[in-house]
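*Asks:* The structure under discussion is supplied below as structure tokens; questions concerning it will follow.
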Amino acid sequence: MRIREARVIVTSPGRNFVTLKIVTDEGVYGIGDATLNGREKAVASYLEDHVCPLLIGRDARRIEDIWQLLYRGAYWRRGPVTMRAIAAVDVALWDIKGKAMGAPLYDLLGGKSRDGVTVYGHANGRDIAETTDAVARYIDLGYHAIRAQSGVPGLDKPYGVSKDKHVYEPADAALASETIWSTPEYLRHTPRLFDALRTSFGEAPLLLHDAHHRLTPQEAAKLAKSLEPYDLFWLEDPTPAENQESFQLIRQHSTTPLAVGEVFNTLWDCKDLIQNQLIDYIRATIVGAGGITHLRRIADFAAVWQVRTGCHGATDLSPVTMGAALHFQSWVPNFGIQEYMPHSAETDAVFPHHYSFADGMLHPGDAPGHGVDIDEALAATYPYTPRQLPIARLRDGSMWNW
Ligand code: CS2
Ligand code: MG
């Protein structure tokens, strides 16, 4: 089974997505997601100009060898662009293998380890009252786990709060829009949010929160400690994780579970965090971390220290990634949870899929491969629209972490 064609499809049904389609000489095709929010064209070019020509004529069954070719052969290893390009090829080849063998991906990985993939939804509001109402809505929808983000008094355009009560879409302008951040207000406000949520909903709901890289290690330790009475399922991205050692300070002061990794692209980004037991959940994704082939290595490494998966699943990861992730999360023994921000109806129409939501869980379906397709004709009606993520500055103008 040889690779006859590999082409990149850039489409923007409400937001930009980059998809790779690989077609074999036997007519079987597979698709992979290569979307990098705010830098989509970089990955599209990396694939079109440097990777696709390398694939033509190769045996589509040799997934591992092609992964090693693209990783070692680039010489310039790692990074979000390279690893997303490799991920797209990897997932497309796993999709082809599943279709050729008439097997859903989870069966190729080792079969299902659970009946469904527990997900968490995104509740947000401009203030505590609106956020409380949003959490109530998610509970009514059957979610057992809910991420809560609210506006912070005195801060404009807070992270994670949608403008119009629809799904939060951060990439909101052709060039990075500016937001102002101030940590003291946030550190005072956040415990009040979770105090109000526990008062309203009791101990049962699994509550999560994303600090989105905004704190220093000491501030993160302070927040994690202040949230202990509210028994969070996890505190996410408490501090930037380039310096993996910095998580020791948080661990010394709090037992609030920590989750990191949506910006990671290889095992090397999280090796120390995992082996020093500095985190509880690893959020690396199939699209961000080199595909199924590499994320499986990260998950198996994490299992040694009982770190569980908590894959990122925002709307800027396409339905192709969600489909593949649900097969992966159905199999992986050290499963933690899966983030789920439903895509828009126009996105779902471009990417028809077999996965479905019921009783707080997503189910991958049993179609061969990952069960997601792309309607190329419909995709072509949504041309690329330049969009970038916001940036954050402190009130004195200093650049900060968005
Ligand atoms: C967030 C993301 O879902 C999350 O946990 O961190 O929404 C993140 O802001 C976006 O994926 C960035 O593109
Ligand atoms: Mg996050």
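The values are calculated or read from the model by the stated rules, or taken from the named source; none is laboratory data. Bear in mind the structure is a predicted one, so any value in this text is a computation, not a measurement. Every residue, glycine among them, receives a Cβ derived from its backbone with ideal geometry; neighbour counts consider all protein chains shown. Calculation scope for accessible area: heavy atoms of the full protein, side chains included, ligands and nucleic acids excluded. Shrake-Rupley method; radii C 1.70, N 1.55, O 1.52, S 1.80 Å.
*Asks:* Within region 96-126, which residues are assigned to a helix (DSSP H, G or I), touching a helix residue (DSSP H, G or I) at 6+ places or on another chain (Cβ under 7 Å) and small (Gly, Ala, Ser)?
*Replies:* Hit for region 96-126 is 98, nothing else.
*Asks:* Residues of region 1-41 being more than 19 Å from residue 168 (Cα to Cα), touching a helix residue (DSSP H, G or I) at 6+ places or on another chain (Cβ under 8 Å) and open to solvent by 10 Å² or more (accessible area, probe 1.4 Å), which ones?
*Replies:* Within region 1-41, 1, 6, 7, 8, 9, 10, 21, 26, 28, 29 meet the criteria.
*Asks:* Another one. Among the candidates 171, 123, which residue alone is under 22 Å from residue 316 (Cα atoms), within 13 Å of ligand 1 (Cβ to nearest atom) and without any contact (Cβ under 8 Å) to a residue 60 or more places away in the chain?
*Replies:* 123 is the lone residue from the list that is under 22 Å from residue 316 (Cα atoms), within 13 Å of ligand 1 (Cβ to nearest atom) and without any contact (Cβ under 8 Å) to a residue 60 or more places away in the chain.
*Asks:* Pick from 351, 335: which is away from ligand 1 (no atom under 15 Å from the Cβ), open to solvent by 10 Å² or more (accessible area, probe 1.4 Å), within 24 Å of residue 295 (Cβ to Cβ) and touching a helix residue (DSSP H, G or I) at 6+ places or on another chain (Cβ under 7 Å)? Spell out the reasoning first.
*Replies:* Working: 351 fails: open to solvent by 10 Å² or more (accessible area, probe 1.4 Å).
Answer to the check: 335.
*Asks:* Evaluate region 106-114: report whether one residue or more is among the polar types (S, T, N, Q), modelled with pLDDT of 95 or more and assigned by TED's automatic domain parsing to the domain that holds residue 263.
*Replies:* yes
*Asks:* Additional query: Do you know which residues across region 186-215 are away from ligand 1 (no atom under 16 Å from the Cβ) and acidic (Asp, Glu)?
*Replies:* Step one: of region 186-215, the residues away from ligand 1 (no atom under 16 Å from the Cβ) are 187-189, 191-205.
Matches in region 186-215: 195, 203.
*Asks:* Given the conditions (1) within 30 Å of residue 155 (Cα to Cα); (2) surrounded by 21 or more Cβ atoms within 10 Å (Cβ to Cβ), which single one is not true for residue 126?
*Replies:* Condition not satisfied by residue 126: (2).
*Asks:* So, residue 88, is that one surrounded by fewer than 17 Cβ atoms within 10 Å (Cβ to Cβ) and more than 16 Å from ligand 1 (Cβ to nearest atom) or not?
*Replies:* Considered against the rule, which asks whether it is surrounded by fewer than 17 Cβ atoms within 10 Å (Cβ to Cβ) and more than 16 Å from ligand 1 (Cβ to nearest atom), residue 88 comes out as no.
*Asks:* Give 137, 198, 188 a once-over and let me know the one that is assigned to a helix (DSSP H, G or I), more than 14 Å from ligand 2 (Cβ to nearest atom), within 22 Å of residue 360 (Cα to Cα) and open to solvent by 50 Å² or more (accessible area, probe 1.4 Å).
*Replies:* The conditions single out 137.
*Asks:* Any residue at all in region 323-335 that's out of contact with any Cys (no Cβ under 9 Å at 6 or more places or on another chain), in the same structural domain as residue 242 (by TED's automatic domain parsing) and within 15 Å of ligand 2 (Cβ to nearest atom)?
*Replies:* no
*Asks:* Do we find a residue being assigned to a helix (DSSP H, G or I), in contact with a helix residue (DSSP H, G or I) (Cβ under 8 Å, 6 or more places away or on another chain) and open to solvent by less than 30 Å² (accessible area, probe 1.4 Å) anywhere in region 142-158?
*Replies:* no
*Asks:* For region 393-400, indicate whether the set of residues that are part of a strand (DSSP E or B), crowded, with 22+ Cβ neighbours inside 10 Å and not hydroxyl-bearing (Ser, Thr, Tyr) is non-empty. Walk me through it before giving the result.
*Replies:* Filtering region 393-400 for residues part of a strand (DSSP E or B) gives 393-394, 399-400.
Then keep just the ones that are crowded, with 22+ Cβ neighbours inside 10 Å; that gives none.
For region 393-400, residues part of a strand (DSSP E or B), crowded, with 22+ Cβ neighbours inside 10 Å and not hydroxyl-bearing (Ser, Thr, Tyr): absent.
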